[in-house]
Amino acid sequence: MPTISPDSKRRALGKGLESLLPQRPAAAPATVPSVTAAAAPPEPTGRPLEIPLDHIERNPWQTRKHFDEGLLDELAQSIVATGVVQPILVRPIAPTPTQGPGHNPMRYQLITGERRWLASRRAGKATIPGIVRQVADEQVLEMTIVENLQRTDLNPMEQARAFQRLSQEFKLTQEQMATRTGKDRASVANFLRLLRLPDGVQAKVETGELTFGHARSLLALDAPEAITSAAQKVMALSLSVRQTENYVQGLINPEGKEKKQKPAEAQTEDPNVREAEDRLRRSLGLKVRIEDKKGKGRVIIEYSGLEDFDALLETLGGQS
């Protein structure tokens, strides 16, 4: 069976990111030119340039907020030894006005490659190879999300906030976001639902103390206080996702309450019905109740907002 080289993997990832950029054919340069201090923006030909690090600004749409310090140190050491192997991607922006003619250096904004940029600064480098492209704001955000999803996974809350920005700032629908980032519509909806968690619980998901599965289970509760209390117990007892699901459903439908509401129903609930309820809850991320009498009945699905309703329609095959 043929093996896949690391270079092949890099090309595969790069191809996905490049699909968001306008393509411009360019011959490979014999040398890497430098950017002069006060020049007009270089023609975006796809050729790498040596750009001063202090002429580059961070990406305001960067979805990753936390970088592992140890990994950054390792990358910096590698850059000291071998340099930056893969150029970063930038776009030209208006230069910062300064006094005197010829002292307005061209400025750039990162699109992708923030770890390489940070590590190069840490390594004491003055310049970094970069490819200049003319890219619109929407494309920058899309490409930032795609690169992070392809290379190093964002934590669930970072993904949720990234999709929220695509929705709010660029008015993309969940279907459009799913298409552009390679995820299915239900996944996008589930990430967005995480933003309904209380801030303290979001912080625990961000640090990995609670997983995406735990968070989805907790969202079956309505009140923020109830979600926070349940999250604390889940962490204190180190409950699994399945145990969390059972615990949350016990809070929603305590046995004592069910007995008071239905004193005439002495028979044990059909385990097949209970299993079907559990499967629907896990699939939809919503509260589900099945009322079954000898094979006939109804399925009751509760939602608490328009996002839940839209996601439900999409899952069931409707149009939002």
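The values are calculated or read from the model by the stated rules, or taken from the named source; none is laboratory data. All figures in this text were calculated on a predicted structure; none of them were measured in a lab. As a convention, Cβ positions derive from the backbone with ideal geometry for all residues, glycine included, and neighbour counts pool all protein chains shown.
Please specify each residue of region 112-139 satisfying the condition of being touching a strand residue (DSSP E or B) at 6+ places or on another chain (Cβ under 7 Å) and more than 23 Å from V85 (Cβ to Cβ).
Selection gives Q134 alone.
Out of all the residues in region 213-236, is one or more under 30 Å from T144 (Cα atoms) and surrounded by fewer than 20 Cβ atoms within 10 Å (Cβ to Cβ)?
yes
Output the number of residues of region 115-165 satisfying the condition of being in contact with a helix residue (DSSP H, G or I) (Cβ under 9 Å, 6 or more places away or on another chain) and part of a helix (DSSP H, G or I).
31
Can you name the residue in region 296-319 that is part of a loop (DSSP other than H, G, I, E, B) and modelled with pLDDT under 75 and is also farthest from D184 (Cα to Cα) among such residues?
The residue in question is S304.
Cβ contacts < 9 Å: first residue under 15 Å from D270 (Cβ atoms), restricted to region 281-306; second residue surrounded by 11 or more Cβ atoms within 10 Å (Cβ to Cβ) and polar (S, T, N, Q), any location; separation 6+ or different chain. Result?
R289/N253
Is it the case that some residue within region 133-152 is of a type in the set (D, E), surrounded by 22 or more Cβ atoms within 10 Å (Cβ to Cβ) and modelled with pLDDT under 90?
Checking region 133-152: at least one residue is of a type in the set (D, E), surrounded by 22 or more Cβ atoms within 10 Å (Cβ to Cβ) and modelled with pLDDT under 90.
Can you pull out the residues in region 305-320 that are surrounded by 15 or more Cβ atoms within 10 Å (Cβ to Cβ), of a type outside the set (D, E, K, R) and under 22 Å from A223 (Cβ atoms)?
Hits for region 305-320 are F309, A311, L312.
For region 195-212, give me each residue that is surrounded by 15 or more Cβ atoms within 10 Å (Cβ to Cβ) and over 16 Å from R282 (Cβ atoms).
Matches in region 195-212: R196, L197, P198, V201, Q202, K204, V205, E206, L210.
Regarding E245, is this residue buried (at least 18 other Cβ atoms within 10 Å of the Cβ), more than 25 Å from E302 (Cβ to Cβ) and not aromatic (F, W, Y)?
In short, no.
Checking the condition surrounded by 10 or more Cβ atoms within 10 Å (Cβ to Cβ), touching a strand residue (DSSP E or B) at 6+ places or on another chain (Cβ under 8 Å) and at pLDDT below 80, which residue from L286, L280 passes?
Within the list L286, L280, the selection yields L286.
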